[in-house]
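K.L.:
My questions all concern the structure below.
The values are calculated or read from the model by the stated rules, or taken from the named source; none is laboratory data. These figures come from a predicted structure and were not determined experimentally. Note that we place each Cβ from the backbone using ideal geometry, even for glycine, and neighbour counts take in every protein chain shown.
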Ligand code: SF4
């Protein structure tokens, strides 16, 4: 029986004897035109060549509107090549995400790359509203449930109904190319969380530092994670390299040394074309030796002839590749296995953290001094609307002053070192950072505002560079709690806390 087209990619990735190659397509704005024609021509050539096992399709890249990956994915599938759809969360809430998952499954679009996505930028008559209702860990959890046992909960339309299993193959992304300890440790923590939530493969961020690529594989091995990892190998034109070098592509670092090399190469008669393709071929060979399961190739204006040239030439570089062509470190970069952790094992915690932590424990931990009284008061407040309103007002006043609280009703302050992600993180990430920070700065406010999770790292106890482990993922916020008292919700079992989530499920 012929292998289903959608499975070509997963079968290749699960085959230890095969080095899987994927190529990234970037659809533009509009439903047709020359750009799309070029993409479809390239897809046909890739299909006929047979070495590329999946064509990945970006989802509104750069935060701009573009042709939907589902639409292009259907064309690619019809051609007989596996599509790998980027499934980002910047533009869709959980219900649209679930609905699109049904659509993908119905059309046999089963390979998904789950990611938060770039912060929305330009759109129709202005900047689009960022959504980020779920983060990548939460969407992976939803997909994992759809794969195994998704039961529509009681109270919802179609209640107590089991959905037929949906055999998705979902992966996640991670960046090993962060320059600061705080950013890098968080990336690995979040990777562990994503895998815990059901990621079945990993694709790295693009980069140009072979030692960082090696670090990711070493980390995966050290953690004994049996998961295939693809290295993202992007071949930029000189114009794009200049943009990347300025830090204008979220989460991407292209060091000065590489840009200078490309500027010099551009003086040749072919404007540096062969040199950049040969460098990519060398990098591919080096990555193959490093232990990656494959590569995720990309590049702007790459023809299939150029892609083929890279794949052919990479076969010539089988020996240990010259690091002069593959190692372009960003000066001052922190390496997990080469640089010692700057954070001492016994840190002196900032007063703001330790005082908040102490008070939090006394009130909200079951063994805390004031837990019983706080719970009794809360339960009383629930049955008295005046008391409830007063209670909510007091919470709002205290937390507005101390934490810039937005009264989301499901407080996660304790999980982010007593900094509020609803007011401090533009993407409102509650399970660790996205991949967009650059040199410690937030993707949305480059060189102006530190990443929320970098601040959290320096302020609190977790995570720790000495022992990287995954915390328990926080489920999505229940927005019916918005503008209500998180204290009342905590004590009445309506927020995300473990004991109470169980209780909530029982009541729902
Ligand atoms: S209740 Fe929500 S908005 Fe308020 S501090 Fe906690 S996390 Fe932030």
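K.L.:
Could you tell me whether any residue of the stretch 196-211 is within 25 Å of the chain's Cα centre (by Cα), in a helix (DSSP H, G or I) and surrounded by 21 or more Cβ atoms within 10 Å (Cβ to Cβ)?
P.N.:
yes
K.L.:
Would the stretch 49-56 turn up any residue that is part of a helix (DSSP H, G or I), touching a residue at least 40 places away in the same chain (Cβ under 8 Å) and assigned by TED's automatic domain parsing to the domain that holds residue 312?
P.N.:
yes
K.L.:
Pick from the stretch 8-52 the residues that are on the phi > 0 side of the Ramachandran plot and more than 28 Å from the chain's Cα centre (by Cα): which of them is surrounded by the fewest Cβ atoms within 10 Å (Cβ to Cβ)? Before you say what the answer is, go through the steps one by one.
P.N.:
Just the residues of the stretch 8-52 that are on the phi > 0 side of the Ramachandran plot, to begin with: 30, 33, 50.
Filter again for more than 28 Å from the chain's Cα centre (by Cα), leaving 33, 50.
Values: 33: 11, 50: 9.
Ranking the qualifying residues of the stretch 8-52, first place goes to 50.
K.L.:
Then there's this: Got at least one residue in the stretch 335-346 being away from the ligand (no atom under 16 Å from the Cβ), outside the structural domain of residue 255 (by TED's automatic domain parsing) and assigned to a helix (DSSP H, G or I)?
P.N.:
no
K.L.:
Which one of the conditions (1) within 16 Å of the ligand (Cβ to nearest atom); (2) under 33 Å from the mean Cα position of the chain (by Cα); (3) surrounded by 15 or more Cβ atoms within 10 Å (Cβ to Cβ) does residue 391 fail to meet, given that it meets all the rest?
P.N.:
Status for residue 391: all satisfied but (2).
K.L.:
Any residue at all in the stretch 473-483 that is part of a helix (DSSP H, G or I), closer than 29 Å to residue 220 by Cβ and within 13 Å of the ligand (Cβ to nearest atom)?
P.N.:
no
K.L.:
Give the stretch 486-499 a look and list any residue that's more than 25 Å from residue 131 (Cβ to Cβ) and buried (at least 21 other Cβ atoms within 10 Å of the Cβ), or say none.
P.N.:
If the condition is that a residue be more than 25 Å from residue 131 (Cβ to Cβ) and buried (at least 21 other Cβ atoms within 10 Å of the Cβ), then 487, 488, 490, 491 are the ones that fit.
K.L.:
Among the residues of the stretch 232-244, is there at least one that is surrounded by fewer than 21 Cβ atoms within 10 Å (Cβ to Cβ) and at pLDDT below 95?
P.N.:
Checked the stretch 232-244: no residue is surrounded by fewer than 21 Cβ atoms within 10 Å (Cβ to Cβ) and at pLDDT below 95.
K.L.:
Here is a further query. So is residue 188 in contact with a strand residue (DSSP E or B) (Cβ under 8 Å, 6 or more places away or on another chain) and farther than 23 Å from residue 464 by Cβ or not?
P.N.:
When the stated conditions are applied, residue 188 does not pass them.
K.L.:
In contact with a strand residue (DSSP E or B) (Cβ under 9 Å, 6 or more places away or on another chain), more than 15 Å from the ligand (Cβ to nearest atom) and assigned to a loop (DSSP other than H, G, I, E, B), is that true of residue 448? Step through it out loud before you land on a result.
P.N.:
Values: in contact with a strand residue (DSSP E or B) (Cβ under 9 Å, 6 or more places away or on another chain): yes; more than 15 Å from the ligand (Cβ to nearest atom): yes; assigned to a loop (DSSP other than H, G, I, E, B): yes.
For residue 448, the condition - in contact with a strand residue (DSSP E or B) (Cβ under 9 Å, 6 or more places away or on another chain), more than 15 Å from the ligand (Cβ to nearest atom) and assigned to a loop (DSSP other than H, G, I, E, B) - is met.
K.L.:
Quick one: what pairs do we get from the stretch 429-444, first residue touching a residue at least 12 places away in the same chain (Cβ under 8 Å) and within 16 Å of residue 121 (Cα to Cα), second within 16 Å of the ligand (Cβ to nearest atom) and part of a loop (DSSP other than H, G, I, E, B), C-beta under 6 Å, 6+ apart or different chains?
P.N.:
444/426
K.L.:
Okay, moving on. Return the total of residues in the stretch 15-44 being part of a helix (DSSP H, G or I) and in contact with a strand residue (DSSP E or B) (Cβ under 9 Å, 6 or more places away or on another chain).
P.N.:
Result for the stretch 15-44: 3.
K.L.:
Inspect the stretch 469-481 for any residue being touching a residue at least 24 places away in the same chain (Cβ under 8 Å) and more than 21 Å from residue 411 (Cβ to Cβ) and give the result as yes or no.
P.N.:
The answer is yes, given that some residue of the stretch 469-481 is touching a residue at least 24 places away in the same chain (Cβ under 8 Å) and more than 21 Å from residue 411 (Cβ to Cβ).
K.L.:
Would you check if there is a residue in the stretch 172-191 being within 30 Å of residue 152 (Cβ to Cβ) and over 13 Å from the mean Cα position of the chain (by Cα)?
P.N.:
No, the conditions are met nowhere in the stretch 172-191.
K.L.:
Also, quick follow-up: Return the residue satisfying two criteria in turn: it lies in the stretch 395-422 and is on the phi > 0 side of the Ramachandran plot and crowded, with 19+ Cβ neighbours inside 10 Å, and of such residues it is nearest to the ligand (Cβ to nearest atom).
P.N.:
409
K.L.:
Continuing with this model, one more query. Of all the residues that make up the stretch 284-311, how many are in a helix (DSSP H, G or I) and in contact with a helix residue (DSSP H, G or I) (Cβ under 8 Å, 6 or more places away or on another chain)?
P.N.:
The first filter runs over the stretch 284-311 and keeps only residues in a helix (DSSP H, G or I), leaving 284-290, 304-311.
Narrowing the set further to residues that are in contact with a helix residue (DSSP H, G or I) (Cβ under 8 Å, 6 or more places away or on another chain) leaves 284-288, 290, 304, 306-311.
The number of residues fulfilling the criteria is 13.
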